[in-house]
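Working notes for the structure below.
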């Protein structure tokens with residue numbers, strides 16, 4: 001998951017990711033049919049980044 005966010009964070013403004021709270025991000029898709037211009041980016045995507053620490 002972190003790799004997905006990391007690669008998206010280096011993209012230009014064509015795929016903006018907004019932070020809602022610590023570790024909670026989203027991308028809001030456009031309200032139109034998928035086509036070549038919007039490259040099919042019509043979905044709303046949510047990302048949760050969680051730091052999991054295991055105890056030995």
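Nothing in this text is a laboratory measurement; each read-out follows from the coordinates by a stated rule. Since this is a predicted model, take the numbers as computed values, not measurements. Ideal geometry is used to build each Cβ from the backbone, glycine not excepted, and the neighbour counts take in all protein chains shown.
Pop the C-beta distance of residue 42 and residue 21 into the FRET formula with R0 = 35 Å and round what comes out to the nearest 0.05. Show your work: numbers first, answer last.
Details: r = 25 Å, r/R0 = 0.71.
It comes out at approximately 0.90.
Would you kindly state how much longer the chain becomes between residue 34 and residue 51 on full extension, computed as 0.36 nm times their sequence separation minus their alpha carbon distance, in nm to one decimal? Could you put the intermediate results ahead of the total?
Details: separation 17, 0.36 × 17 = 6.12 nm, distance 3.42 nm.
Roughly 2.7 nm would be gained on extension.
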